[in-house]
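The values are calculated or read from the model by the stated rules, or taken from the named source; none is laboratory data. As the structure is a computational prediction, the values presented were derived from the model and not from experiment. Quick reminder, even Gly has a Cβ in these numbers, built from the backbone with ideal geometry, and neighbours come from all protein chains shown. Ligands, DNA and RNA are excluded from the accessible area calculation, which covers all protein heavy atoms including side chains. Shrake-Rupley method; radii C 1.70, N 1.55, O 1.52, S 1.80 Å.
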Amino acid sequence: MEMIGTENFGAYARKMLIDGYIIVVDYTEQKKLAAEINKIGVNINTVCRRINSTGRFYQDDIDELKEKMDAVWQLLKSKQSEEL
């Protein structure tokens with residue numbers, strides 16, 4: 001129980017009886033990446049609100065935002081596949 005960082009004996013015992021082992025995965029990096037993606041999403045929403053209020057936009061700006069989001073998602077997916 002100490003090795004996996006739990007104090008709940010009941011949950012630990014059930015997991016060990018059912019599976020016979022417990023796998024502990026550290027999702028710290030994925031959580032950081034997800035937080036960064038969320039920040040980018042907030043920025044995109046801000047740009048979209050400005051575009052909607054002014055009625056002006058540039059296709060190049062939208063294309064650049066899409067490319068950056070695609071790059072971040074690819075990074076997140078590759079990190080997840082490395083972990084699995």
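Points worth noting:
- ³J(HN,Hα) computed for each position of segment 53-64 - Karplus, 6.51 cos²θ - 1.76 cosθ + 1.60, integer Hz, glycine/proline x: 7, 8, x, 10, 7, 10, 4, 4, 5, 5, 4, 5
- Restraint check, Lys32/Lys66; Lys32/Lys77; Lys31/Lys79, Cα-Cα greater than 18 Å: Lys32/Lys66
- Accessible surface computed residue by residue for segment 13-57, with neighbouring protein chains in place and a 1.4 Å probe, gives 85 Å² per residue.
- Given charges at Cβ of Lys, Arg, Asp, Glu: segment 1-77 dipole, positive-most of Leu65, Phe9, Val42: Val42
- P(r) histogram, all alpha-carbon pairs of the chain included - 10 Å bins from 0, percent: 14, 28, 21, 17, 12, 8, 0
- Evaluated over the Cα positions of segment 38-84, the convex hull gives a direction-averaged projected area, one quarter of its surface, of 3.4 nm².
- Candidate aspartates and glutamates for bridging to Lys15, where Cα separation is under 17 Å - those fewer than 8 sequence places away on the same chain excluded: Glu2, Glu7
- Rounded to the nearest 20, the Cβ-based charge dipole of the chain about its Cα centre (Lys and Arg +1, Asp and Glu -1) stands at 400 debye.
- Among the protein heavy atoms of the chain, carbon and sulfur supply 55% of the accessible surface, probe 1.4 Å, non-protein parts ignored.
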